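Some notes on the structure that comes next.
Every read-out reported here was derived from the displayed coordinates using simple, explicitly stated rules and does not represent laboratory data. All values reported here derive from a predicted model rather than from experimental measurement. Here the Cβ positions follow ideal geometry from the backbone for every residue, glycine too, while neighbour counts run over all protein chains shown.
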Ligand code: FES
Ligand code: FES
């Protein structure tokens, strides 16, 4: 038998026993040691760097993938990608500061859109006649008769699991009972009068985080809110990584479902604890999430979402009993997942649609929800177009040398003055550990304005500053010097990083631009521009406009609406009408599959410039650059579309 | 720690370890040793007699209940009631032959009533268009669209668990799929064309036995049938004993539910094995059973069925997903329990109603289903009355000295000639072990005809025969001498036994009689008399008429319909119309609670005579008795009603 091997994780000093040939990233996950893995362990994001401090011979040899990602210096220092490393004997491993996940900034707030209270869950108090030998009507019969007689309710069905409880409930309440209906289905019969206690739970299942809201359905008000990191993250930081993982087999798919349902339940538990509401008093849950989260949470195979033609399993909203999904609210309660719009435009976007009420506005509206996939909606009451842009995880820090999520110690704001001096702000005011997406947007805008980069995003070699220097993959710009940082290394932005962000912004711009073209609209036609999602809340819209991530609209037309998907879920929880609206409108939305558009390639190339190949579309930015003397001498190539 | 005790069961020689203070009947049950217990272990039926052969000091002292039931001779021989005996140390116990349950005669046959095939389960084969970038409709969307386009089906809903399987099923079938619908709900999507395979399962959950039928729903024919003893019997042989047991707590209630669902599943398994049908191909189950079986099988607290005013939990038919009930057919399949009529008139009687089609006949019909409870139906298309008579378990052998169920070795037929010589027939032609119900009916009629008993059921002391002799509780009649029997004892019928049977027959007659009176009908008005149930199939109708168990109708009006409840279940399985009929008619049936009827007591006393206090109601029997010189000199007292 093999001698028992162990791994010691530094600096914690945590020791765990391992079997031979275990994967180092897996071992760390199981041990609860916090290592970032944006690509889900596929060896492509380069975020899971660790240092083998002792017994380097006791791990598998360097892989091809690691050779590509790690620098010579790193290899020499013992750096490895945890996901590519197999343990062969006992080792000591150091997790460097930059590979830590850190405490994430989570957002639960969203706009409040007023809704007329009309939830499918209702309570009715009934005084029932006691049966007698001369009126020996069955229990359920009496209940249904009196529901009709006293409340005028017809065609009501009783859930089987409720029927099981009816004889005892009626007698325990001494023939005074409260009937709980979900639409026409009786989901509970409580002894006595419980009409005052009626709660619901709304959840936004995000790829990165979940936001949960406990609502009093008799007032429509939020009683408590909570948020939690999505525990699926270790299986892949973006949806494609998770779909890939889940597609390996039903065991893997179930693992991801269990993880997310577990998180949903964990939030319920903490909300119940905070408020003293009883589990049985929470009669419904409404969920939103992108198409991948929708499939994974509901236990639907997500594989075909990632394969052309990218079709989801269904569009309509899904209703399922809490019991059958394993959600720990009232087991007879309903779980409603909002309908999907199409492809990667999921129920979260339906939530945005509901919260922004684009579908009933006369004004032409544009709405985007920025993330690994950025969903775009364009239109008004007459017609709405939707698409999903593969903006990728660069804003989440992936593929960015010192990129990280919006967690403690992330540089979130950058200003560069004319002397190329850099001012930055970090989350929680901690010493910087890396750079998050909003600061990358700032950097591009600021660097463009001071001439550190040109409209193609290329560093200007002419610049004479310590900050711009040669790095391993070409030029790089130092944002924070090592004596300022918590990692002890300079924090830089490389030419490669700029390319990644440019790709992301180009993807978003392409989506917006194609939808506008399809509707024959120009920037000036857009009256309202909604920016949804946590990431969007932290971006400086002026800078996003300068770099061409947003179309050039007057800033006053911008509405930052926060977690609008969550708002939509809360609205649906409070109202049957909102659900009917959702089901009706999603069917009418024109889903545009960008990859199928003839002009996609050309528009993508045009969008790869700062702000755009055709500068006439960005007159204000052009004017600014002219003023600053940074207007390009040679205009970029514009591909007619 | 206590030294380990053991019980050895003889004659098997089976040894089991026991903890101190375990109940002997419980120990025997767990050890799989076969002991009869008609009262469910309450110490009242006296059927669980055992002999403590060794270490009599190692059991609890004799209880009050045992003193009442056991004779002095029995006590001297070491007889005990297993249910009243607590084990205190190691003992050897002999199970006498008469306490054995034996192999039970089970009946699955019933009349065939033709039904137009129209099951709620249907299959549709669809060729779907493959999605593409220009038509990226979600999978379920395509399916529902094509179901509408190709088959004209609207408003179809997809079961959540089916949605989970859709993406894989569509691709595995290469866009050729079979959609299985239960009414408007999609319960399966199979890859390829499976339209030829469509099965259903009908079950009659009897108090004593279950009968199961596997049907091909594309033809409506029975493919295979099976029957099984109800495994709840050890917890009580009649419904009241089981209700009492289940009312102790939810653990006990769940135990009974698990037992019966387990038996239902065991029959499915054996039917699948016999026929090669796959579990997934069985898409629905339809069940009938009396109200207690209905509640116990569905996990509804049955307690209030046994407490005045005897109200069941519901009347309507219950639909529940197989998954939620734990029934091992296709987990998305439906389980339908037919509606209840009221009180103890359960879904089995609804089955009888469907099979006999009383509700659509012009003729006035009477139908009875004899058992521990005997249900009576009277009427025609205009109106139907129903009641339940507490006929008790005497026909099952309870409270009858040598009574037993219709199992191997039971005397099932008796003839007594003028010399008081007895001819009898036994089940399976084995040496007699006891007497079952049908022979008790024969005995009463035969004994009346030859003058061994008079119209009050009292033995005629004047008779000079070895067969009529003094026994412990008065006179007794020897049916089989000990050298003929397998127990080595004389098999006798006591005065007490006659009283028990008279009570049972009086209960049935009272029910019939009250319903007839309520409708103002006389015997001659009844055109058809249906006798349902296994027990009824074995009774000699002529004798049943002589003793006044049946009304005096011409024999040609009698229809013995066997397991008509099972027939009704099969009909409902094959047809939505039959179900609609069932739901409609049960609501219109006038349920008569006999206990609430003013004339109940008087009529019951009148019915306690052979055949009846008012002999003018039985002119043919009167005539026969006159001919035989056995017409009573002094007429019984008749209580006007
Ligand atoms: S490279 Fe290892 S997790 Fe991404
Ligand atoms: S007396 Fe023991 S089981 Fe009935």
**OP:** Return the distance in nm (one decimal) between the two label points of a simple spin-label model at residue A:481 and residue B:112, each offset 7 Å from Cα along Cα→Cβ.
**Re:** 10.0 nm
Original post:
residue A:638 label point, 7 Å along Cα→Cβ, cut-off 20 Å on backbone N: hits in the range A:490-517?
Top reply: A:506-517
Original post:
So, in nm, how far is label residue B:68 from label residue B:602 when the simple model puts each one 7 Å beyond its Cα toward the Cβ?
Top reply: 3.2 nm
Original post:
Binning every alpha carbon pair distance of the range B:292-396 at 10 Å from zero, what are the percents per bin?
Top reply: 14, 39, 32, 15, 1
**OP:** With the Cα gyration tensor of the range A:493-641 in hand, give its eigenvalues times 5 under a square root as the equivalent ellipsoid semi-axes, listed largest first in whole angstrom.
**Re:** 31, 19, 15
Original post:
Using the Cα gyration tensor of the range A:203-349, with a ≥ b ≥ c the square roots of its eigenvalues, what is the shape: rounded (a/c below 1.5), prolate (a/b larger than b/c) or oblate (neither)?
Top reply: prolate
**OP:** Calculate the length of the line joining the C-alpha centroid of the range B:571-631 to that of the range A:273-319, in whole Å.
**Re:** 58 Å
Subject >> Where a label projected 7 Å from the Cα of residue B:517 along Cα→Cβ would reach, residues of the range B:598-641 with amide N under 13 Å >> reply: B:598-608, B:613-614, B:638-641
Subject >> Computed log₁₀ I(q)/I(0) - Debye formula, equal Cα scatterers, no solvent, the range A:317-365, q 0.13, 0.29 Å⁻¹ >> reply: -0.44, -0.97
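Per-residue ellipticity at 222 nm for chain A, helices alone: DSSP H runs ≥ 4 residues times -39500 (n - 2.57), over residue total, nearest 500 deg cm²/dmol?
Calculated from helices alone, the mean residue ellipticity at 222 nm is -9000 deg cm²/dmol.
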Original post:
If you take the beta carbon distance between residue B:266 and residue A:319 as r and set R0 to 30 Å, what does 1/(1 + (r/R0)^6) give as a FRET efficiency, to the nearest 0.05?
Top reply: 0.30
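In terms of the Cα gyration tensor, with a ≥ b ≥ c the square roots of its eigenvalues, is the range B:5-99 rounded because a/c is under 1.5, prolate because a/b exceeds b/c, or oblate? Don't jump to the answer; show the numbers that get you there.
Values: a/c = 1.43, a/b = 1.28, b/c = 1.12.
Taking the square roots of the gyration eigenvalues as a ≥ b ≥ c, the range B:5-99 is rounded.
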**OP:** Looking at the protein assembly as shown, send over the antiparallel percent of its DSSP beta bridges, to the nearest 5.
**Re:** 70 percent
Subject >> Alpha-carbon centroids, the range B:411-433 and the range B:152-174: separation in whole Å >> reply: 63 Å
**OP:** Compute the relative contact order of chain B as a whole-number percentage, counting only Cα pairs closer than 8 Å that sit 6 or more residues apart in sequence.
**Re:** 13 percent
Original post:
Can you give the FRET efficiency for residue B:223 and residue B:419, using 1/(1 + (r/R0)^6), R0 = 51 Å, r = Cβ-Cβ distance, to the nearest 0.05?
Top reply: 0.45
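Using a 10 Å cut-off on Cβ to Cβ distances, tally the other chain neighbours for every residue of B:305-313 and report the average as a whole number. The partial results should precede the final answer.
Values: counts 1, 0, 1, 4, 8, 3, 14, 7, 13.
The per-residue average across the peptide is 6.
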Original post:
Going from the alpha-carbon gyration tensor of the range B:394-501, what semi-axes, largest first and in whole Å, does one get by taking the root of 5 times each eigenvalue?
Top reply: 20, 14, 13
**OP:** Over the range A:121-191, calculate the relative contact order: mean separation of alpha carbon pairs under 8 Å at least 6 apart, over the residue count, as a percent.
**Re:** 40 percent
**OP:** Rank these for me by crowding, B:245, B:72, going from fewest to most other beta carbons within 10 Å.
**Re:** B:72, B:245
Original post:
How far apart, in nm, are the 7 Å Cα→Cβ label points at residue A:623 and residue B:193?
Top reply: 7.0 nm
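Can you tell me, using C-alpha contacts under 8 Å and at least 6 residues apart, the relative contact order of the range B:376-516 as a whole percent?
26 percent
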Original post:
Which percent of the Cα-Cα distances in the protein assembly as shown go past 66 Å?
Top reply: 27 percent
Original post:
At a Förster distance of 35 Å, what's the computed FRET efficiency of residue A:12 paired with residue A:542, Cβ-Cβ distance as r, to 0.05?
Top reply: 0.25
**OP:** Work out Dmax and Rg for chain B from the C-alpha atoms and quote the Rg first, both in angstrom.
**Re:** 27.5, 102
